[in-house]
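For reference, the structure discussed in these notes is given below.
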2 protein chains.
Amino acid sequence: MQGTTLGWMQDEVDHFGFDTDKTFKQRYLIADKHWKKDGGSILFYTGNEGDITWFCNNTGFMWDMAEELKAMLVFAEHRYYGESLPFGANSFKDSTHLNFLTSEQALADFAKLIKHLKRTVPGAKNQPVIALGGSYGGMLAAWFRMKYPHMVVGALASSAPIWQFEDLVPCGVFMEIVTADFRKSGPNCSESIRRSWDAIRRLTSTGPGLHWLSEALHLCSPLTNSQDVEHLKDWITETWVNLAMVDYPYESNFLQPLPAWPIKVVCQYLKNPNVSDPQLLQNIFQALNVYYNYSGQVKCLNMSETATRSLGSLGWSYQACTEMVMPFCTNGIDDMFEPHSWNLKEFSDDCFKQWGVRPRPSWITTMYGGKNISSHTNIIFSNGDLDPWSGGGVTENVTDTLVAITIPEGAHHLDLRANNAFDPTSVLLARSLEVRYMKQWIKNFYASLRKKR
Amino acid sequence: MQGTTLGWMQDEVDHFGFDTDKTFKQRYLIADKHWKKDGGSILFYTGNEGDITWFCNNTGFMWDMAEELKAMLVFAEHRYYGESLPFGANSFKDSTHLNFLTSEQALADFAKLIKHLKRTVPGAKNQPVIALGGSYGGMLAAWFRMKYPHMVVGALASSAPIWQFEDLVPCGVFMEIVTADFRKSGPNCSESIRRSWDAIRRLTSTGPGLHWLSEALHLCSPLTNSQDVEHLKDWITETWVNLAMVDYPYESNFLQPLPAWPIKVVCQYLKNPNVSDPQLLQNIFQALNVYYNYSGQVKCLNMSETATRSLGSLGWSYQACTEMVMPFCTNGIDDMFEPHSWNLKEFSDDCFKQWGVRPRPSWITTMYGGKNISSHTNIIFSNGDLDPWSGGGVTENVTDTLVAITIPEGAHHLDLRANNAFDPTSVLLARSLEVRYMKQWIKNFYASLRKKR
């Protein structure tokens, strides 16, 4: 990233046990162009499940407010992602090597890094630090303020579904929001998708049908059996989910290169649900093509990829199988998907097969408090109404200092993105409110510092 | 303990990693004689480094206020102590088996136990829980409120030296308080002890001197070499330290059976420092005999023991070698001991030799915030001025809700002990203030519960 300095910190592989004293190199990026030692601040991005340079490039808001807050920007990479691999190429080898991939270890890394920077960067010692993050990174920002309030004066947790656990929210809410996005983006759009699943089932019930559908969808690898068909449906489902997440008001490239309001573009192909099965699936192809081939350069659609490779899907799959157990379900009525209930037993067995570990679904709420968080302070929870993750987010004020900001036209952490001419007013308001809170935290920090002296 | 019910909870050996799904049985005691399901509360003792029945028997304050607070009493045993051994007889075998002996794991055990009780004890679900503890247990109570404020509405941290780490307080303060206790308890008392070290050195410089001293001190195993002499001095030093901790105003049996104000009794033998070396050491024997032989039944003094076996000294030695790195030092001027500087390198090497691990001296402050704890709420820090641990404790209010209570005539967590006719007024005041805070927390809990409904 232009304007950043690369840093590495030697950190404990295991903060919570002393049997190993192994260390690893954690990566971080610093940008201090606008930083002022006098009255400045430190904005600390709590990195999530991916390469930190990618988050750095997609968190323009921090760059946009750096000057106003006289802020040093720090982007800390999450262990087991990007180049911060505790065991190098062996990091994902087995459950023993993966044992240190948890949110608690990541938060401890962040705490150590802040201590390290305060000790080593002249002028940083007596400055307020604010945690910022989006999505899982937003959860980490909020949890970091909860667990290490001595390290950060506050946190901006953007699109952070800290309540997408156990039964804190209904398991169906996520897919209902995805569905609503499509319903609102074009006539009959969600209905077309709802009907597509049966059409796929009917079309793929014969060998020639499988062949025809593989061609119609321009799949790189043809469908050969019923397992492939299940995979196809999962892949299409994930595509609609991803579109809901990145339904931004301008051309962007987060998970994929996409046009402005991509669901609207997709829905132009899905206006008529009352067509033949082949016609419906040809329309579905056009819709998928918006997501996978906006550049027009793609020769065939690859079912093994749904988003940028900068995201560490392997690491996240492990985390979802251990701590980050998020129950999802669909019923086909309140949403446009095939009905799937949440089956913990099945999920646990799959996790054991893949990783040799079993999830502990109630641990996160034990650790981080579930809905009982009112004793904490200075956390902004921002959510976009278009974002399916808002269903598990904090969308109403908990207290005067645990505040919710809602962005009706916002998808997944739109507020963290760089200023854009096509930004809806709601996100501009959200950002200005966020800056106002942060300035207040900074002001309070310096006021209490003066009192101590 | 009379009136308690024994409980066992199956708990994860490793809360912070998923490679092992091994569990162990954690012991706890419950007393619910005065508990009311309507408007009651739960007082939760966060067990420290010893057998929980022993803490249960030495925390009479909880029993004394149970009726007034309509409280259920819960005493939770700390892992690796008493009968809560993660690997049974192998728990202390090596650093691999000891890997899960940390404060963080212990706090997680407590959180799981509270969840378990709320789920399984009818009527407990919507009741406020208050954490209480003394000494390391007091640190755990404070830290539990800091890290799991969703679990407890407040904490009473009695004699909890949460600042006895790194350079948060001067390393000499602990021994200065011990010295002051002896200075105040009799004329020339501390001076006699100060002179005893050189007398020991002179006496033990010859073989016959070694023999004479072994006899004079009625040691079970005679001194044979200079290493034994070092051990002797350490043992005597620890005896004075322990006396400072348990300098209670009435006959008691905490670390040892002892008379009221035991240091005063000890000091009756140490009035004259201007005597010959043999006479001084005979006086020292009389003083030691107060601590080790109040019953008059002891045939010889055993240098391998200084306190009750209910304390898990082995486990604490490991904890001191990993997280609980408390720097102590003496200079022989501000205290009555031989000068010893704090030497981390030497300490670390000793730890490595004994346990195969190295301490991480700055971890505790990274984790728990050091002196920067003002964003937390509802913690009472009580300290006795006679208690050497008060030197590392919080003895001034941090905020309106992080309050310090000082007991001028109090030794180590005197306030947690049962009501006694010889209690000084200061501890009665402290206890009544503590109850007042707890009642307020309980009241606030029920008020906010009503608001939610």
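Of all residue pairs spaced 6 or more apart or on separate chains, those with beta-carbon atoms under 6 Å, a first member in region A:184-200 that is open to solvent by 70 Å² or more (accessible area, probe 1.4 Å) and a second member that is of a type outside the set (S, T, N, Q) are A:PRO187/A:LYS271; A:ASN188/A:LYS271; A:ASN188/A:PRO273; A:ARG195/A:PRO273.
Residues of region B:38-57 that are among the polar types (S, T, N, Q) and in contact with a His (Cβ under 9 Å, 6 or more places away or on another chain): B:THR46, B:ASN48. Touching a residue at least 12 places away in the same chain (Cβ under 8 Å), closer than 23 Å to A:GLY370 by Cβ and open to solvent by 10 Å² or more (accessible area, probe 1.4 Å) - does that describe any residue in region B:92-103? Within region B:92-103, none of the residues are touching a residue at least 12 places away in the same chain (Cβ under 8 Å), closer than 23 Å to A:GLY370 by Cβ and open to solvent by 10 Å² or more (accessible area, probe 1.4 Å). All conditions in (1) buried (at least 19 other Cβ atoms within 10 Å of the Cβ); (2) farther than 27 Å from A:SER205 by Cβ hold for A:TYR294, with the sole exception of (1).
Beta carbons closer than 8 Å, at least 6 apart along the sequence or on distinct chains, pair a first residue in region B:168-181 that is hydroxyl-bearing (Ser, Thr, Tyr) with a second that is not in a helix (DSSP H, G or I) for B:THR179/B:ASP334; B:THR179/B:ASP335; B:THR179/B:MET336; B:THR179/B:PHE337.
Name every residue in region A:421-437 that is open to solvent by 50 Å² or more (accessible area, probe 1.4 Å) and either touching a residue at least 60 places away in the same chain (Cβ under 8 Å) or hydroxyl-bearing (Ser, Thr, Tyr) (or both), in order of residue number. Listed by number, the residues that qualify are A:ALA421, A:PHE422, A:THR425, A:SER432, A:TYR437. Among residues of region A:212-230 that are on the phi > 0 side of the Ramachandran plot, those with a beta-carbon under 8 Å from a residue that is surrounded by 12 or more Cβ atoms within 10 Å (Cβ to Cβ) and in a helix (DSSP H, G or I) at least six positions away or on a different chain give the pairs A:HIS218/A:PHE285; A:HIS218/A:ASN289. A:ALA76 versus (1) touching a strand residue (DSSP E or B) at 6+ places or on another chain (Cβ under 7 Å); (2) more than 14 Å from chain B (Cβ to nearest Cβ); (3) over 20 Å from A:ALA155 (Cβ atoms); (4) aliphatic (A, V, I, L, M): which is the lone unmet condition? Failed condition: (3). Which ones in region B:16-51 are farther than 20 Å from B:MET65 by Cα and either hydrophobic (A, V, I, L, M, F, W, C) or within 14 Å of another protein chain (Cβ to nearest Cβ) (or both)? Within region B:16-51, B:PHE16, B:GLY17, B:PHE18, B:ASP19, B:THR20, B:ASP21, B:LYS22, B:THR23, B:PHE24 meet the criteria. Select, from A:ILE114, A:ILE52, the only residue that is under 29 Å from A:MET324 (Cα atoms), within 17 Å of the chain's Cα centre (by Cα), open to solvent by less than 10 Å² (accessible area, probe 1.4 Å) and not small (Gly, Ala, Ser). Unique residue meeting the criteria: A:ILE52.
Evaluate region A:421-430: report whether one residue or more is assigned to a helix (DSSP H, G or I), acidic (Asp, Glu) and within 21 Å of the chain's Cα centre (by Cα). There is no residue in region A:421-430 that is assigned to a helix (DSSP H, G or I), acidic (Asp, Glu) and within 21 Å of the chain's Cα centre (by Cα).
Those helices (runs of 4 or more DSSP H) of region A:304-409 in which at least 1 residues are closer than 30 Å to A:ASP198 by Cα, considering only elements entirely within it, cover A:313-320, A:344-355.
Selection within region A:162-203: residues that are over 27 Å from the mean Cα position of the chain (by Cα) and small (Gly, Ala, Ser). The member of this set that is nearest to A:SER390 (Cα to Cα) is A:SER192. Of the residues A:ILE379, A:ILE405, the single one that is aliphatic (A, V, I, L, M) and within 14 Å of chain B (Cβ to nearest Cβ) is A:ILE379. If you go through region A:373-388 and keep only what is open to solvent by 10 Å² or more (accessible area, probe 1.4 Å) and either of a type in the set (Lys, Arg) or farther than 21 Å from A:LEU243 by Cβ (or both), you end up with A:SER374, A:SER375, A:HIS376, A:THR377, A:ASN378. Does B:GLY391 satisfy the condition of being open to solvent by less than 50 Å² (accessible area, probe 1.4 Å), closer than 13 Å to B:LEU168 by Cα and more than 14 Å from chain A (Cβ to nearest Cβ)? Considered against the rule, which asks whether it is open to solvent by less than 50 Å² (accessible area, probe 1.4 Å), closer than 13 Å to B:LEU168 by Cα and more than 14 Å from chain A (Cβ to nearest Cβ), B:GLY391 comes out as yes. The set of residues in region B:438-453 that are open to solvent by 70 Å² or more (accessible area, probe 1.4 Å), within 15 Å of B:ILE379 (Cβ to Cβ) and either more than 14 Å from chain A (Cβ to nearest Cβ) or at pLDDT below 95 (or both) contains only B:GLN440. All of A:ALA421, A:ALA430 fail the test of being away from every other protein chain (no Cβ under 14 Å) and out of contact with any strand residue (DSSP E or B) (no Cβ under 6 Å at 6 or more places or on another chain), apart from A:ALA421. If only residues of region B:361-372 that are more than 7 Å from chain A (Cβ to nearest Cβ) and open to solvent by 30 Å² or more (accessible area, probe 1.4 Å) are counted, the one that is farthest from B:LYS147 (Cα to Cα) is B:PRO361. Hey, B:GLU215 hits all of (1) surrounded by fewer than 20 Cβ atoms within 10 Å (Cβ to Cβ); (2) among the charged types (D, E, K, R); (3) assigned to a loop (DSSP other than H, G, I, E, B) but one; which does it fall short on? Of everything listed in (1) surrounded by fewer than 20 Cβ atoms within 10 Å (Cβ to Cβ); (2) among the charged types (D, E, K, R); (3) assigned to a loop (DSSP other than H, G, I, E, B), B:GLU215 misses just condition (3).
Just one of the numbered conditions (1) at pLDDT 95 or above; (2) within 17 Å of A:SER310 (Cβ to Cβ); (3) surrounded by fewer than 24 Cβ atoms within 10 Å (Cβ to Cβ) is not true of A:PHE87: (2). Residues in region A:136-162 that are among the small types (Gly, Ala, Ser), within 22 Å of A:PHE174 (Cα to Cα) and either surrounded by fewer than 24 Cβ atoms within 10 Å (Cβ to Cβ) or within 14 Å of another protein chain (Cβ to nearest Cβ) (or both): A:ALA142 alone.
The values are calculated or read from the model by the stated rules, or taken from the named source; none is laboratory data. Quick caveat: nothing in here was measured; it's all calculated off a predicted structure. Glycine also receives a Cβ, built like all others from the backbone with ideal geometry; neighbour counts cover every protein chain displayed. Note: accessible area is taken over every heavy atom of the protein model, side chains too, but ligands, DNA and RNA are not part of it. Shrake-Rupley method; radii C 1.70, N 1.55, O 1.52, S 1.80 Å.
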